[in-house]
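Working notes, structure below.
The values are calculated or read from the model by the stated rules, or taken from the named source; none is laboratory data. Note that this is a predicted model, so its numbers are computed, not measured. Please note: Cβ atoms are built from the backbone with ideal geometry, for glycine as well, and neighbour counts cover all protein chains shown. Areas reflect the complete protein model, heavy atoms only, side chains present, ligands, DNA and RNA absent. Shrake-Rupley method; radii C 1.70, N 1.55, O 1.52, S 1.80 Å.
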Amino acid sequence: TGGFVGMVTLWNRNGQVVTTLKGEADHISSIKLTSNGQRLLVNTGEGKVKLWDLKNQLLSDLKTPIDTVGSIAFSPDGQQILLGGNYDDGQLVLTDLQGQTQQRFAAHDYTINEVHFSPNGERLASVSWDRTAKVWNSSGQLLYTLKDEEKELSSLAFSPDGQTLLTGASDGTAQLWN
């Protein structure tokens, strides 16, 4: 968990605190674990993204090319990070674990609310307040634009086989796309 106290607390399944990570941020806007559970990505929302191990050691303070990061994701192998821009910065940026930009492209017209890799890592997806979900290949080529004419899209998830995308909207509804 994270929040406006500027620290991240890791819990076990029994509801007991495992460790607490303390940083210099005023708040934590999002947190992601690698699929193997060994590393943690912490987004302060202020253009600062920190990579931690679970032994309370800061591995890297990533310098992001986005002023305000709105969303973060690890690749399935834990070797790449996907960043989505917040506010009017609809950029999508793919970096390595040191924060070196590998791909950067204008993705949306407004805030990117959530980003994800497909389970096999071959596709990237993003949703935005601009009412679109977009799916890209790992080279940054746009494959699909999915538009909801009525609602801002706020969340997304790939199905386990990577063939279906689930989006959530600002009014609490969800939609499946294939």
Worksheet item: Calculated FRET efficiency, Arg104 and Asn14, Cβ-Cβ r, R0 35 Å, to nearest 0.05?
Response: 0.25
Worksheet entry | Cβ charges +1 (Lys, Arg) and -1 (Asp, Glu), total dipole of the chain, debye | 600
Worksheet item: What FRET efficiency comes out for the pair Met7/Ser170, r = Cβ-Cβ distance, R0 = 25 Å, nearest 0.05?
Response: 0.30
Worksheet item: Taking the simple approach of a point 7 Å from Cα along Cα-to-Cβ for both Gln163 and Thr145, what is their distance in nm?
Response: 2.7
Worksheet entry | Those lysines that a straight Cα-Cα span of less than 28 Å connects to Lys50, excepting residues fewer than 8 apart in one chain | Lys22, Lys32, Lys63, Lys134
Worksheet item: Quick one: length gained pulling Trp177 to Leu59 fully straight, 0.36 nm per residue minus the C-alpha distance?
Response: 38.8 nm
Worksheet entry | For the range 130-178, with +1 on Lys and Arg beta carbons and -1 on Asp and Glu, the positive-most of Leu156, Ser139, Leu176 along the dipole | Ser139
Practice prompt. Taking only protein heavy atoms into account and a 1.4 Å probe, give the accessible area per residue of the range 1-129 in Å².
Written response: 50
Worksheet entry | the chain, accessible surface, carbon-and-sulfur percent (1.4 angstrom probe) | 45
Worksheet item: Looking at Gly15, Leu124, Asn113, which one has the Cα that reaches farthest to the positive end of the dipole of the chain (charges on Cβ: Lys, Arg +1; Asp, Glu -1)?
Response: Gly15
